[in-house]
Every structure is written in structure tokens, then in C-alpha cells.
Amino acid sequence: MFLAVRELRFARGRFTLMGVVIALISVLVVLLSGLSSGLVNDGVSGLKSVPATAFAFNEGTMTDNAFSRSVVDDEQLAEWQDTAGVTKAEPMGVSIVNGTTDADEQIDLTLFGVETDGFLAPPVSSGTGLGEIDGIIVSEPLRDAGVEIGTVVTLDRVGLELTVIGFTEGQATFGHVDVAYVPLDTWRLLAAGTPPEGAPTAADIDALDFPYSSVVAIQTDDAAELDIEAADLAAGTTTMTKTEAFNASPGYEAETLTLSMIQVFLYAICALVVGAFFTVWTIQRKHDIAVLRAVGASSRYLLRDSLAQAAILLVGFTAIGVAVGVGLGAMMPDAMPFALEAAPIAIASITTIALGLIGAAIAVVRISRIDPLDALGGNR
């Protein structure tokens, strides 16, 4: 460490310049991590909050936007309810609609049709739970649009009126659209194309003959063996775990893949830049290293010292970059889907340091090939 620290002090200008580059890469990595987390929350936070293990879609449904494409019936639901290892299976309807509040504010909603007394019924942060035929529980961020308990939302083109009776605990979105939980029978009125103008009534529900939903939400017994392939074959469905079902949200897969690719390129750039710097640095001090080899310094000692130098540089300036990135992230406007989460930032930072060290290690291996005779001019 003595040689590493001394060189850091002697060539502080060059090391500072290199450190600034590492810090800038770290800032970008933190901002991309925040944007990735924000897009995930803005795209599928509604699904993440659903206490289901998996979702069963109708067989043959295209995976892109599968929640809106799939239609399952009560017979398929019954097959899943009778499947060994399944503790609960409930129908769930999903539709994206446009509406207007009684204050003439236009809003977009993803309607989640659920059984009012089932495990899919959401907990509320304020107001009351699902129960009323025309009652909906909406995502907390809709308060910013002027929505409050008692607000009446009229769905465009059909004229169905729904009244806000509560708010979810935190953000609940699907496909970047705020979620509104509605009783399953009310959702079926809309999906069947027979919604009345105005608020739905019990008579409208009684006259409804539409035994369909979008998917079957499944809870499983962790201790039991569940043969998903056999259950899908019997029910005529295709099942995805909850995490896999995120890709069935509109635009989710394309967004996450794009950001992941950018992050991978940043990691590669970090490794290449650090490796190039230490390659040049090693070449510049080749004679000094040869002198150390001539006086008895082992290759292992010199390699360890050079890697310690790289580690000090990477850890120190990555920490600075992360701090700056977190500070910039805290100033992001509310309209931007951005979320600072400790785990993704920690993983990104560790990955940046690790790949930087790999680049440095490859660069300083040439130390072991420096001939001590160079110090004595034997190779001139």
C-alpha cells in the first residue's frame, strides 16, 4: 500500500481526472437505476401489490399485453380452484378506460375487477373497502389530479358512473395508468358491453350473464407440489408467475430491456476506461517497476499494490458519484417515474467497482512481464 498511496499523491492530477470519469459513470449508473426502479413502479406497482403467486391466462394468448387480451371463463376458474396445491384461485378482470371526474378533469384508469370479499380486494389508506356496486378504490397519486373520496368518475362513451370510496396504500399503477379497483360484477357489466348510463344497480347485476374474467389469480401452498403444466392442460390456460406476468404489462419488457442494455454498456465502458488508464500508467512507470523488481520486489507484491491503487480510486470516486447521483435523484420532478431504492443502487455500485477492478487487473498483469534488466539498461 505504501507505493500505491505515494503514487496517488505524486500523480494526483492524473488520478483525479480518472476519478472524475469514474464518478460521472457512477452518477449515470445511479440515475439509470432510479429510472429503472421508477419505471417498474409506474408500470406494474399495481401487480406487485396483488397478493397472488401466479396468473393463469387463456391458452394461446399473446404475452404482449396479455392481461387485456386474455379471457377466461368460470369453468377454467373451477379447474384451478380444484387443483392440488392451490390454496385460493379468484377471477380478476383488467381493462384500461378513460373517464371524466365531476370536476371535468380527464383521467385514465386501469380497472381491476375483483371479488369484494376475496384476497385480491385491496387494503385502503383512507375511505372504505370494496362493497358498493358503484364504488371504486383508486391509486393514491390520483389525489394530485383533484380526486377525493366522493368524486364521481364517468367513463367515456359508455356513461357508467363510479364513485371513489377509498384510496390504495401507496401507488398502484398498471401500464403507467393509475389503478381503480372495482367489484368484479361491475367490471363484467363493462366488459360485456352492457353498462347502464349512470350508476350501476343490483338489477343490472342480476340481469348480467357474463361468466368471464381476464385472468385467474392464484395463491399456492408453498409446501405442496404444484404441477403447473398438468393444471394448464386441464384448464386450457397458460400460467405465469407474478414476476413473469410483469412482461404482460404494456411496454414493460421493452422499457426494462432498453435501460438494462444502457447499464450494461456503462459497466463495459467503466471496465475499458479503467483498464486503458492503468495500461498507460503501467507503461509510463515501466522503468520504476523494473528498479523495484531489481531490488527484490516480487511480481505478486507489485500486482497487489497496483490493484490496491485501483481499488482506492474506484471505491473513493464511486462513492462520490453515488452521493451526487442520489442528490440529483432527490431533485427529480414528481412527474418523472424515478425512485431511489437502496438495493438497486448498491448492486449497481458494487458491479461498477468489480468490473473496474477486472479491467485494472487485466491491465496491470503486464507488470509480471517487466524484466529487472531494464533498470540496469541491459535491454537497451
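The values are calculated or read from the model by the stated rules, or taken from the named source; none is laboratory data. It should be emphasised that the depicted structure is a prediction, and the values quoted were computed from it without experimental measurement. Neighbour counts run over all protein chains shown; Cβ positions are idealised from the backbone, glycine included. SASA here: full protein model, heavy atoms, side chains in, ligands and nucleic acids out. Shrake-Rupley method; radii C 1.70, N 1.55, O 1.52, S 1.80 Å.
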For segment 52-118, what does the convex hull of the Cα positions come to per residue, in cubic angstrom? 120 Å³
Expressed as a percent, the accessible surface of segment 60-235 that is carbon or sulfur, using a 1.4 Å probe and the full set of protein chains, is 44 percent
I need the Kirkwood Rh of segment 201-322: take the reciprocal of the average 1/r across all distinct C-alpha pairs and report it in angstrom. 21.6 Å
Rounded to whole Å², per residue accessible area for the chain with a 1.4 Å probe reads 48 Å²
Euclidean distance between Cα centres, segment 304-339 to segment 138-165, Å: 41 Å
Work out which helices of the chain, taken as complete DSSP H runs, extend at least 18 Å along their axis over the Cα atoms and score a mean Kyte-Doolittle of 0.0 or more, then list them. 12-48, 252-284, 299-330, 342-364
Cubic angstrom per residue, convex hull over Cα atoms of the chain: 180 Å³
Segment 237-251 and segment 67-105 have their Cα centres apart by a whole-number Å value of 14 Å
Before rounding to the nearest 500, sum -39500 (n - 2.57) across all DSSP H runs of length at least 4 in the chain and divide by the residue total; then give [θ] at 222 nm in deg cm²/dmol. -15500 deg cm²/dmol
Options 282, 176, 158, ranked by Cα towards positive dipole end of the chain, top entry (Cβ charges): 282
Quick one: what do you get for segment 1-102 if you divide its Cα Rg by 2.2 N^0.38 Å? 2.06
Return one quarter of the surface area of the convex hull spanned by the alpha-carbon atoms of segment 60-235, equal to its mean projected area, in nm². 10.6 nm²
5 Å binning of all Cα-Cα separations within segment 110-175, expressed as whole percents from 0 upward: 4, 18, 27, 30, 16, 5, 0
Evaluate the charge dipole of the chain about its Cα centre and quote only its size in Debye, nearest 20, assuming +1 on the Cβ of each Lys and Arg and -1 on the Cβ of each Asp and Glu. 4620 debye
Once you treat every alpha carbon in segment 230-278 as an equal point and sum by Debye, what is log10 I(q)/I(0) at q = 0.15, 0.20 Å⁻¹? -0.62, -0.77
